[in-house]
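Note sheet for the following structure.
The values are calculated or read from the model by the stated rules, or taken from the named source; none is laboratory data. Small disclaimer: the values here were computed from a predicted structure and weren't measured. Quick reminder, even Gly has a Cβ in these numbers, built from the backbone with ideal geometry, and neighbours come from all protein chains shown.
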Amino acid sequence: MQNSILRIETRTSPSIMIPDGQLYVRSRLFQLRFPPAKGGLIWNRPVAIVVRPLNGQEKVIPVLDITRIVVLTLAGICFTGVFAFMFLKRKKANA
């Protein structure tokens, strides 16, 4: 599995002891390898926080990644603007 170009996995951190139980952080790993260049890209992002009280019932609290939402929104606005500009430019050229 180490030789694969793309690897996606979910990892859980070691537990953090709190007075009422334990905390875990779950993260998602995206790894893209470029074997000819002997390099690659690794992106870790938080997915959730798991709270395990002393009674044993787990509670999963998802982490909202606002930065990713903003970046994807801006990218969508940019693509829409480029296509609108190309459409309007073509329309003026034909008129």
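Structure summary
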item	result
Verdict on SER27 being under 21 Å from THR67 (Cα atoms) and among the small types (Gly, Ala, Ser)	yes
Residue identified as in contact with a Lys or Arg (Cβ under 7 Å, 6 or more places away or on another chain) and either outside any strand (DSSP E or B) or among the hydrophobic types (A, V, I, L, M, F, W, C) (or both) among VAL71, VAL47, VAL82	VAL47
Count - residues of region 50-67 that are part of a loop (DSSP other than H, G, I, E, B) and either more than 30 Å from SER4 (Cα to Cα) or acidic (Asp, Glu) (or both)	6
Scope region 43-57; condition at pLDDT 90 or above and either over 21 Å from ASP20 (Cβ atoms) or of a type in the set (Phe, Trp, Tyr) (or both); matching residues	VAL47
